[in-house]
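**Q** The structure is given below, and queries will be raised subsequently.
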Amino acid sequence: MDTSSGECEEKAIKTQQSRKRDAKGDVKKTPSKKKRGNEDGDEAAKRREWLRGKAKDAVIPEEKAAQLKPEYLFKEMGPLVIHLCQACKTYNSKRPMNQLEDGMAELPLGMCTVCRHFLIQQHTMKFYHHNLPSLKKKEML
Ligand SMILES: [Zn+2]
């Protein structure tokens, strides 16, 4: 009886150890909080540097490529998701909100060319890469 209970304990320990192993079978070591904090800082700095390198090749859209057309922007069904960069968020956080009639409120929204261009791209992409394929699939076109 003692032997069988010992085997159970051993199996339980093996199970616990296997949970700590990654896909390669290597046992993961959890670094101390202090060391992990430094590693997170190093990783964040590496990521910032990597992002900065990538951003050098990015293109800032010109005004003519960022012209919004509200008649189309608000026509689409479903939620409207607007991404704003930090500069736009900071600018808009200082803008007054106007209370309108019928429980409506007007939130003035300033958007830079990057944010407006992205909104246009987002709508175009959704139309061509989601709406049309979804309709094709649904109606077997
Ligand atoms: Zn912006």
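**Q** Go over the candidates 54, 34, 24, 64 one by one and state the one that is basic (Lys, Arg), loosely packed, with under 10 Cβ neighbours inside 10 Å and modelled with pLDDT of 95 or more. Explain how you work it out, then say what you get.
**A** On the way: 54 fails: modelled with pLDDT of 95 or more; 34 fails: modelled with pLDDT of 95 or more; 24 fails: modelled with pLDDT of 95 or more.
Residue meeting the stated conditions: 64.
**Q** In addition: Which is part of a loop (DSSP other than H, G, I, E, B), under 25 Å from residue 123 (Cβ atoms) and over 23 Å from the mean Cα position of the chain (by Cα), of 108, 79, 96? Reasoning before the result, please.
**A** Details: 79 fails: over 23 Å from the mean Cα position of the chain (by Cα); 96 fails: under 25 Å from residue 123 (Cβ atoms).
Going through 108, 79, 96 in turn, the sole match is 108.
**Q** Please work out if residue 129 is assigned to a helix (DSSP H, G or I), under 23 Å from residue 72 (Cα atoms), in the same structural domain as residue 73 (by TED's automatic domain parsing) and touching a residue at least 24 places away in the same chain (Cβ under 8 Å). Talk me through it step by step, then tell me what you get.
**A** Values: assigned to a helix (DSSP H, G or I): yes; under 23 Å from residue 72 (Cα atoms): yes; in the same structural domain as residue 73 (by TED's automatic domain parsing): yes; touching a residue at least 24 places away in the same chain (Cβ under 8 Å): no.
The answer is no for residue 129.
**Q** Return only the number of the condition from (1) away from the ligand (no atom under 13 Å from the Cβ); (2) over 17 Å from residue 68 (Cβ atoms) that residue 87 does not satisfy.
**A** The number of the failed condition is (1).
**Q** Could I ask something else about it? Which residue is surrounded by the fewest Cβ atoms within 10 Å (Cβ to Cβ), if the candidates are limited to region 99-113 and must be of a type in the set (A, V, I, L, M) and within 17 Å of residue 81 (Cα to Cα)? Please lay out each step first, then the result.
**A** Quick first cut of region 99-113, residues of a type in the set (A, V, I, L, M) only: 100, 104-105, 107, 109, 111.
Retained after the next criterion (residues that are within 17 Å of residue 81 (Cα to Cα)): 107, 109, 111.
Values: 107: 9, 109: 12, 111: 19.
Restricting to residues being of a type in the set (A, V, I, L, M) and within 17 Å of residue 81 (Cα to Cα), the top hit is 107.
**Q** Right, another one. So is residue 84 outside any helix (DSSP H, G or I), assigned by TED's automatic domain parsing to the domain that holds residue 130, at pLDDT below 95 and within 20 Å of residue 110 (Cβ to Cβ) or not? If you could, list the steps in order and put the result at the bottom.
**A** Working: outside any helix (DSSP H, G or I): yes; assigned by TED's automatic domain parsing to the domain that holds residue 130: yes; at pLDDT below 95: no; within 20 Å of residue 110 (Cβ to Cβ): yes.
So residue 84 does not fit the description; no.
**Q** List pairs: first residue in region 66-92 and in contact (Cβ under 8 Å) with a residue 40 or more places away in the chain, second residue outside any loop (DSSP other than H, G, I, E, B) and near the ligand (Cβ under 9 Å from one of its atoms) anywhere in the structure, Cβ distance under 9 angstrom, at least six positions apart or on different chains.
**A** Note: pairs meeting the criteria are 66/113; 66/114; 66/115; 66/116; 66/118; 67/116; 68/116.
The values are calculated or read from the model by the stated rules, or taken from the named source; none is laboratory data. This one's a predicted model, so the numbers in the text were calculated from it and none came from an experiment. Quick reminder, even Gly has a Cβ in these numbers, built from the backbone with ideal geometry, and neighbours come from all protein chains shown.
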